[in-house]
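Below: one structure, written as C-alpha cells.
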C-alpha cells in the first residue's frame, strides 16, 4: 500500500529534480574524468533514497522500527488482511514510550504486521482505556527465529505485547 503523497514530498521531488538537472549540466559541460562524474551521479542518487526514507520516518508515517519495551497505549487502528487483493493487513498503534513509568518522548505511530490474536488483545485494552483504565504495554520478543540476530531485518515481526492497567497514583496522607 503506497502512502498518499504530501505537498512537502512533491516540493522535495522538485528540488531534487533541479539538483539532478544541475548535475547533468555539470557532467555534460565539463571535462572532468568520467569516474568523477559517475561518482557524483551515484552519490546524488543515493541521497534521493536516503532522504526519502528519512523523511518518511520523521514526517508522521507509522514507524516500522521496534516498539519501545514499555509504553502507554493511546490508540490502535486495524487494517485486516484481504487475500483477494493480496493485502497482508497491518495494525497501526499510537503509543507513548515510558521510562520509569514516566512518558519520555512525544507519542509515536508504529506499524505492525496483522495478527488476529494481537488485535483481540488491543481491542480489549482500548475498551478498558475508554472506561478510564489507561493501558500500559510491555513488549517481549518471541523466541525461535533462527539465524544471527544482526542478519535479520529490524522491525516488529515477532513480538508479544501484553497490556495491563496503569497503576493508580497514590495521594500522600494529610
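The values are calculated or read from the model by the stated rules, or taken from the named source; none is laboratory data. Owing to the predicted nature of the structure, the values given are computational and were not obtained by experimental measurement. Cβ: placed from backbone, ideal geometry, glycine included. Neighbour counts: every protein chain shown.
Considering (1) surrounded by 13 or more Cβ atoms within 10 Å (Cβ to Cβ); (2) under 18 Å from the mean Cα position of the chain (by Cα); (3) under 22 Å from residue 165 (Cα atoms), the lone condition that residue 61 does not fulfil carries the number (3).
Being over 22 Å from residue 170 (Cβ atoms) and in contact with a helix residue (DSSP H, G or I) (Cβ under 9 Å, 6 or more places away or on another chain) narrows it down to one residue among 69, 65, 117; which is it? Of the residues listed, the single one that is over 22 Å from residue 170 (Cβ atoms) and in contact with a helix residue (DSSP H, G or I) (Cβ under 9 Å, 6 or more places away or on another chain) is 65.
The residue that is modelled with the lowest pLDDT, counting only those in the stretch 64-87 that are surrounded by 13 or more Cβ atoms within 10 Å (Cβ to Cβ) and farther than 21 Å from residue 137 by Cβ, is 87.
Determine, yes or no, whether residue 35 is modelled with pLDDT of 75 or more, over 29 Å from the mean Cα position of the chain (by Cα), exposed (fewer than 10 other Cβ atoms within 10 Å of the Cβ) and in a helix (DSSP H, G or I). The answer is yes for residue 35. The condition of being modelled with pLDDT of 90 or more and either exposed (fewer than 13 other Cβ atoms within 10 Å of the Cβ) or not in a strand (DSSP E or B) (or both) does not hold for residue 54. Going through (1) within 23 Å of residue 135 (Cα to Cα); (2) within 19 Å of the chain's Cα centre (by Cα) one by one, residue 100 falls short only on (2). Would a scan of the stretch 149-163 turn up a residue that is part of a helix (DSSP H, G or I), at pLDDT below 90, at negative phi and surrounded by fewer than 13 Cβ atoms within 10 Å (Cβ to Cβ)? No: zero hits.
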